[in-house]
Amino acid sequence: MDKDKSCDIHDDPEYFFNRELSWLKFNRRVLGEADVKPTPLLERLKFIAITSSNLDEFFMIRVAGLKHRLEGGINKVDAAGLSASQQLICITEDTHELVKIQYRYLKNIMSELEEKDIAFKDIASLDERAQEWMENFFNNTIFPVITPMAVDAGHPFPFLANRSLNLAILLCQEAGGDHAAVVQVPAVLPRIVEAPSAGAKRQFVFLEDIIKHYCGHLFHGYNIKDVVPFRITRNADLSIDEEDAEDLLAEVEKSLRQRKRGQAVRLEIGKTSNRPLKQLLVHNLNIEEQDVYEISGPLDAACFFKFSDLPGLEHLRHSPVVSYPPKELAGVVDLYEAIKQQDILLHHPYESFQPVMEFVRQAAWDPKVLAIKQTLYRVSGNSPIVKALAQAAENGKQVTVLVELKARFDEENNILWAKRLEEAGCHVIYGLVGLKTHAKMVLVVRQEQDGIKRYVHMGTGNYNDATAKIYTDMGLFTANEQFGADASAFFNVLSGYSDPPVWNKIVVAPLGLREKIKELIDREIEFAQTGSGGHIIAKMNSLVDKDIVLKLYEASCKGVKIDLIVRGICVLRPGVAGVSHNITVRSIVGRFLEHHRIIYFGNGGDERIFLSSADWMPRNLNERVELFFPVEDPEHIKRIKDMLDLTLADNQKAYIMRKDGTYRRVDRRGKAINSQKEFYTQAQADAQTPDITMEQRLKPMYRRAVE
């Protein structure tokens, strides 16, 4: 029946949602986790912090971009039919509502923490001993650091850095009028300060509240009429002219200095009835009224990230995740021999990221290894992989590393690592002009008895040992010769003027990935129309690309069943009769951030699965170097298909998108299925199969005599 439906597919705005408003709905789902009572209190508090951190980036990049377009006279409509000005109006309305809900949840969490003898106090409510301690802390630690800045005809309003927290102070003298001043809350000091307390109770004070209470020490001869905290968010998008840049690293460093001084796009201010003080800030920061957010609570709730990890509060957090290697690697000493025997699939964070780090570390010391080539997009601040690459170069290996300097908000970190790698003797490259390299690949070239052998790791997530503990991703080790040849050719394209070859296995954006995806969708359409039952399951972070959405609509109305698992932005409208009636969209938001990109095609019964570094967004398909590669081992295909089916069955952490773009939690009746918990339980069970001894599980992985 479905395959005969008329298919009048066109780019009518009613078939699309706006990407910015869709992102805000995602952040609302994230915030929703802060109100899930069975979740430990400090884990709920982390979701409050995540919401704030997400909003910061949203304003610095997306809102700033819309404002920039308007200033340039560009107000054309998007796929959903909204102009830039209309989008800003909708964003303002939705964000104000989101922030109100966020601080309502925060108030509830703080009340629940107080019931657990963890309280946030103001100075006046502390006992005499604690107040004395706080005054000493102010005089000895805070006072030497802060600088009061007058605001008057002789002292223009100071420039305040992006995301800085400040206090606006209204002063008066008996003989004179009112005066204003600004004090920046020092970021070098802890934002939340623990006060002495009796017994098991713990009490904390925000740094700005300490300064507010004692700021009379800064203004002798004046009376303090009002003190209001405020925080600025500025345009932080980098503008880099790669075509004319002789030194890309120096150009990025220059742009990073400019980022701190971008135009203000949001003002957060503590709830106040002091109209003159508020207007002083609005006027001097050149902020529009709708971009002012009055907050009933502590500004910059991202400060709760650190607080949530305080020692002594373990009972209010999840138990730490203990990840084991997959069963194929348990007790393995020679990692390369294991990979030579079979492809090895890793599912993080349920399975350990250690084998990936060991893959590079072992290569650094193995005398048989001739060369290592790797892409780096986001790495941790103390990356063992970067250290291993540097060690490999110092040990005489040929090491080539593509470091993506333009990885947003990781630019400074990547610049430092690029310099460190160059100093160690690595050949560091920055990729192709005009493109970000987002692909995840490591190639190890090894001299073996029977000749040169290439070992490859490809994945959906970054080579970041920190985020690998909280992001869900998949990686594949292989010694397949065709993958090895593709990997060599891939790095040659990145490092030189090599024309892209005809790939054996992989597909690379922007050199044909869009076309490959559409070709695979067309195959499912053929199967559906011949009665073989077309089926697509696509899991990703975001679905924004209009061209791909139209192709999915075409497949839907020609009978292909399409299940989309999209964590974040989704501009596709599901459930529209004659257009997307065969498409479902769901989002999983839980303890771990869903990050893998997995595409399943029924392929007429001969199932095919691909892993990718790319979301289905114009930037990924047009403006980034991305990888898309097949999983070929039948056991791995079955394992991933089972994983997708379990994700689709999740009724604890899943949301279903309705036709109007709103999301509802999946019906929780019946057997409770939390896919993330199930994957973790399965990984633990696999790691403890009877044939794996405790000695094998506990011994350091792959430590070899070559050291």
(request) Grab the other residues whose beta carbon is less than 11 angstrom from that of I385, score K and R as +1, D and E as -1, and report the net. (result) 0
(request) Sort H427, H438 so that the residue with the fewest other Cβ atoms within 10 Å of its own Cβ comes first and the one with the most comes last. (result) H427, H438
(request) Kindly identify the range 509-673 as rounded, prolate or oblate by the Cα gyration tensor criterion: order the square roots of the eigenvalues as a ≥ b ≥ c, call it rounded if a/c is under 1.5, otherwise compare a/b with b/c, prolate if a/b is larger, else oblate. (result) rounded
(message) Please arrange E358, E448 by how many other C-beta atoms lie within 10 Å of their C-beta, fewest to most.
(response) E448, E358
(request) Mind listing the long-range amide H neighbours of L299? Cut-off is under 5 Å, sequence gap 5 or more, other chains count too, H placed in the peptide plane at 1.01 Å from N. (result) none
(request) Please list the non-local residues whose amide H lies under 5 Å from the amide H of G559, H modeled 1.01 Å from N, same-chain partners needing a gap of 5 or more. (result) none
(request) Scan the range 112-177 for GluC sites (Glu not before Pro) in coil per DSSP, keeping those whose Cβ has at most 11 other Cβ atoms within 10 Å, and list them by number. (result) E174
(message) I'd like the antiparallel share, as a percent to the nearest 5, of DSSP beta bridges with both residues in the chain.
(response) 70 percent
(message) Suppose only helical runs count, i.e. DSSP H with n ≥ 4. What mean residue ellipticity at 222 nm does that imply for the chain under -39500 (n - 2.57) per run, divided by all residues and rounded to the nearest 500 deg cm²/dmol?
(response) -10500 deg cm²/dmol
(request) State the percent of C-alpha pairs, over all pairs in the chain, separated by a distance greater than 41 angstrom. (result) 36 percent
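How much net charge surrounds A672 when only other residues with a Cβ under 12 Å from its Cβ are counted (Lys, Arg +1; Asp, Glu -1)?
Net charge in that neighbourhood comes out at +2.
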(request) Please name whichever of A614, F527, P510 sits farthest to the positive end of the charge dipole of the range 509-673, dipole taken about the Cα centre and charges placed at Cβ: Lys and Arg +1, Asp and Glu -1. (result) A614
(message) Treating only the Cβ of Lys, Arg, Asp and Glu as charged (+1, +1, -1, -1), what charge dipole size does the chain show about its Cα centre? Round to the nearest 20 debye.
(response) 1060 debye
(request) For each of E33, E626, count neighbouring Cβ atoms within 10 Å of the residue's Cβ, then give the residues from fewest to most. (result) E33, E626
(message) Looking at the range 509-673 only, what percent of DSSP beta bridges run antiparallel? Nearest 5 please.
(response) 60 percent
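Count the net charge of all other residues whose Cβ sits under 9 Å from the Cβ of V576, scoring Lys and Arg as +1 and Asp and Glu as -1.
On the way: positive: R573, K659; negative: E14.
Around V576, the charge tally is +1.
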(message) Checking the table K453/K638; K518/K551; K368/K419 against a 18 Å threshold on Cα-Cα, which pairs fail?
(response) K453/K638; K368/K419
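Every read-out reported here was derived from the displayed coordinates using simple, explicitly stated rules and does not represent laboratory data. The structure presented is a predicted model; accordingly, all values stated were derived computationally and were not measured. Cβ atoms come from the backbone with ideal geometry, glycine included; neighbour counts cover every protein chain shown.
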